[in-house]
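Encoded as structure tokens, the structure appears first; notes follow it.
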Amino acid sequence: MKKYFVYVVIFLTMNIVYAQKLEYPKTKKVDVVDNYHGTMVADPYRWLEDENSPDTKQWIQEQNKLTFSYLEKIPFRDKLRKYYEEIWNYERMGTPSEKQGKLYYFKNTGLQNQSVFYQKDIKSGIEQVILDPNKWDSKGTISLSTLSFSHDNQYLAYGISKAGSDWVEIFVFDMNAMRLLPDHIKWAKFTDIAWYKDGFYYSGYEIKDSTKAFTAKNEYHKVYYHKLGTSQDKDKLIYENNDYPLRNYSIQIDRDEKYAFLYETESTSGLQLSVSKLPIKNNSFKLLFSGFANDYSLVDIIGDIAYFITNDNAPNYKLIKVNLKKQPFQIETVIDETKNVLNGIYATKDYWVIHYQEDVKSKLLLADKTGQILNEIQLPTMGTVTGISTYYEHNNIYFTFTSYLYPPTIFKYDADAKKMTEFFRTSMKFNPDNYITEQVFYKSKDGTKIPMFITYKKDIKLDGNNPTLLYGYGGFNISVLPTFNITIIPFLEKGGIYAVPNIRGGGEYGKAWHEAGTKEKKQNVFDDFIAAAEYLILHGYTSPSKLAIKGGSNGGLLVGAVMTQRPDLFKVALPAVGVMDMLRYHKFTIGWAWVGDYGSSDNPEDFKYLYAYSPLHNIREDVEYPATLVTTADHDDRVVPAHSFKFISTLQEKQAGNNPVLIRIETDAGHGGGKPMSKVIDEVTDIFSFMMYNLGMEF
């Protein structure tokens, strides 16, 4: 009886804390009103767009103080963090590249803040560290963002990112002398590193005011050539086009250093492609593929024949070839479009590896270089192939395979022998036999059939009482594929259900699927996600009081939109680095490149639908919204943190009821890439503690 009484007291105490209405910091309002085509729209928290102002910095401190004081009261938070440290502490590696008798790969011993780049001699087995970012910064906030070997493998150019920023600094490592060279490039961004002779091409911006570098609109992208051993101020300007300040440019060089390809983009999908014989001269680029309606990706060059994957008149993509010596250029189809999405083609010495996406699951085929299919490469189970690695010197193929219940495992496939062997398997503490993943199909509001993966413990009862996390993205032609997610393990172990619908706006079913979730059709994305929640409730997986939603970036927009449209449907909302102000997003950094997906408030017709769903502008008075933890970072220069700042300020102002609405602002971090392991574990702990606590769970 005494023990029972203790449990009752604990339960009541938790619920008293749970039901307390928080005192939010007082956030000042300013009188700012914009006229959008005759509609007056107030923006009282506009001042939070200035990340350098003392007022904004003070506001960040006050918000974090409240948030962390709330999180510290969650009784199992410390225990959950220790558990994440335990399960994350396992050796893992990235897909290796094999070049000239050596393997190159990233590896992490477990809790290293950044993975380390290694070289291993295949014959001797001798392994050595090439680049260790953990030695560059005690906090682990400097990460490797890009790598590029010279064609003779003598030099390795690599880019670093500080605090998760999209800005890149480029350095060069001499692989023969095993030493760092003095070359140093600053203010590169959205860049490839393309080697040619004794230097390389890269892309970047001229920066006149570094204090605005994290928020100012990125305009007038340029391509430069850097010669080894010279300073950056001696770099040669190769290409710019001041008539189009909102275009990005990059150079790609073929392995024989015979051709240069110039890629031009205006948004996140579609590009224009030109080609020049090397060396590049004035006006030597010839337009190969014009306009920005389609995508093109170089697969292979055999002699003067270039092979590209494209969605031009092929929404699911096809393979074409072009003779670069003959003009006008003549295009021929090599592999026709199929009912499955062509995800990629990778060239070995004698073969092509063809990666298809069939109902959101990977399928690998081996073909000769005429496109003739030779055989299927059998995969372990339903899942996803990532990081396919090939090289023109040999016929070995490396790839990583993963699924919701299949931790990332690296395989090596000998294309000559048609033999696959396991190359590397993690030894993490997880037993997939206790769980099940099922793929279901449900109907959205307009009747469109949407696939969804659902993962849970085998002994769960579908009685509508299970805590459930619904995750989504739905944009920019990005497919959310079945992959292992270590962050959900504690949640699954405590009886949680993890559901991932493959909503429109993504690339799961090709170009048509993507376009069905863009611009004036963006509401389809939200309807698909809402229908997923309703399916889970209808079929007994969960109920509104047990349902959490999560998404980042465009997925943060998704969460913000559906929680404001259907606050009754969810108990917890977790929008991360979200695009919340759909009327001003294009005015910051690279936001203008998203107009192809979203549209622009500068256009009267676009304004109507943007204003109708913009999360910031659709928070209503006297509505109890789900318990919300917004997450962002002070160095996010892709989706600037002002989106999250203004959204949470409005939510705190208008929230009714007792559900907490808080923001967690990470310091020395960006949009997510390159975040040190210590910060990753801290953030994941706080997100899942908040979610599980507000779903009534314990750990």
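Each reported figure results from applying straightforward, stated rules to the coordinates on display, with no laboratory input. No experiment lies behind these values; they were computed from the predicted model shown. Cβ coordinates were reconstructed from backbone atoms using ideal geometry, including for glycine residues, and neighbour counts include every protein chain displayed.
Between Tyr392 and Asp622, what FRET efficiency follows from the Cβ-Cβ distance if R0 is 60 Å, with the result rounded to 0.05?
E(calc), rounded to 0.05, equals 0.40.
Just to check I understand the Karplus step: with θ = phi - 60° and J = 6.51 cos²θ - 1.76 cosθ + 1.60, what whole-Hz values come out for segment 366-377, glycine and proline as x?
The phi angles translate into 10, 9, 7, 8, 9, x, 6, 6, 9, 5, 9, 8 Hz.
If you count, for each residue, the other Cβ atoms within 10 Å and average over each peptide, how do 608-616, 108-116 line up from highest to lowest?
The densest-packed peptide leads the list: 608-616, 108-116.
Mind jotting down the distance between the C-alpha centroids of segment 416-482 and segment 261-301, whole Å?
Centre-to-centre distance over Cα atoms comes out at 37 Å.
Any idea what log10 I(q)/I(0) is at q = 0.23 Å⁻¹ for segment 514-601, Debye with uniform C-alpha scatterers and no solvent?
Per q value, in the given order, log10 I(q)/I(0) is -1.13.
Based solely on its DSSP helices, what 222 nm [θ] is calculated for the chain when runs of n ≥ 4 H residues each add -39,500 (n - 2.57) and the sum is averaged over all residues, nearest 500 deg cm²/dmol?
-6000 deg cm²/dmol
Name the shape class, rounded, prolate or oblate, that the alpha-carbon gyration tensor gives for segment 581-698, where a ≥ b ≥ c are the square roots of its eigenvalues, rounded holds for a/c under 1.5, and otherwise prolate holds if a/b is larger than b/c and oblate otherwise.
Judged from the Cα gyration tensor, segment 581-698 comes out oblate (a/c at least 1.5, b/c at or above a/b).
How far apart, in nm, are the 7 Å Cα→Cβ label points at Phe441 and Asp209?
5.4 nm
Which angle from 0 to 90°, rounded to the nearest 10, does the C-alpha axis of helix 2-19 make with the longest principal axis of the chain?
70 degrees
Using only Cα atoms, figure out Rg for segment 464-539 and give it as a multiple of 2.2 N^0.38 Å.
My calculation over the Cα atoms of segment 464-539 gives 1.20.
Fully extended, how many nm does the chain gain between Ile122 and His37 (0.36 nm per residue separation, minus their Cα-Cα distance)?
Here the answer is 24.1 nm.
Could you tell me the distance between the Cα centroids of segment 127-179 and segment 485-548, to the nearest Å?
That distance is 37 Å.
Computed over the Cα atoms of segment 390-502, what is the ratio Rg over Rh, Rh following Kirkwood?
1.07
Using the alpha-carbon centroid of each, what span in Å lies between segment 646-699 and segment 563-582?
Spelled out, the Cα-based centre of one part sits 13 Å from the other.
Whole percent per 5 Å bin, from 0 to the bin with the longest distance: what is P(r) over all C-alpha pairs of segment 75-200?
With a bin width of 5 Å, the distribution comes to 2, 9, 17, 20, 19, 14, 8, 5, 3, 2, 1, 0, 0.
Give, as a single signed number, the net charge of other residues whose beta carbon lies under 13 Å from the beta carbon of Asp622, with Lys and Arg counted +1 and Asp and Glu -1.
-1
What is the packing order of peptides 417-427, 588-598, 78-88, 147-157, taking the mean over residues of other C-beta atoms within 10 Å and listing the highest first?
Those peptides, ordered most packed to least, come out 588-598, 147-157, 78-88, 417-427.
To two decimal places, what compactness ratio does segment 340-427 give when its Cα radius of gyration is scaled by 2.2 N^0.38 Å?
1.03
Of the peptides 479-485, 524-530, 367-373, 351-357, how do they stack up when ordered by the mean number of other Cβ atoms within 10 Å, highest first?
The peptides rank, most packed first, as 524-530, 351-357, 479-485, 367-373.
In the neighborhood of Val440, defined by Cβ-to-Cβ distances under 15 Å, what is the net charge if each Lys or Arg adds +1 and each Asp or Glu adds -1?
Summing Lys/Arg as +1 and Asp/Glu as -1 gives -2.
Along the principal axes of its C-alpha atoms, what lengths does the chain span, in descending order and rounded to whole Å?
81, 58, 52 Å, listed from the longest principal axis down.
What is the Cα radius of gyration of segment 203-344 over 2.2 N^0.38 Å, N being its residue count?
1.18
Looking at the chain, send over the antiparallel percent of its DSSP beta bridges, to the nearest 5.
In the chain, approximately 85 percent of DSSP beta bridges are antiparallel ones.
Which net charge results for the neighbourhood of Gly696, defined as the other residues with beta-carbon distances under 12 angstrom from its beta-carbon, given Lys and Arg at +1 and Asp and Glu at -1?
Net local charge, Gly696 excluded: +2.
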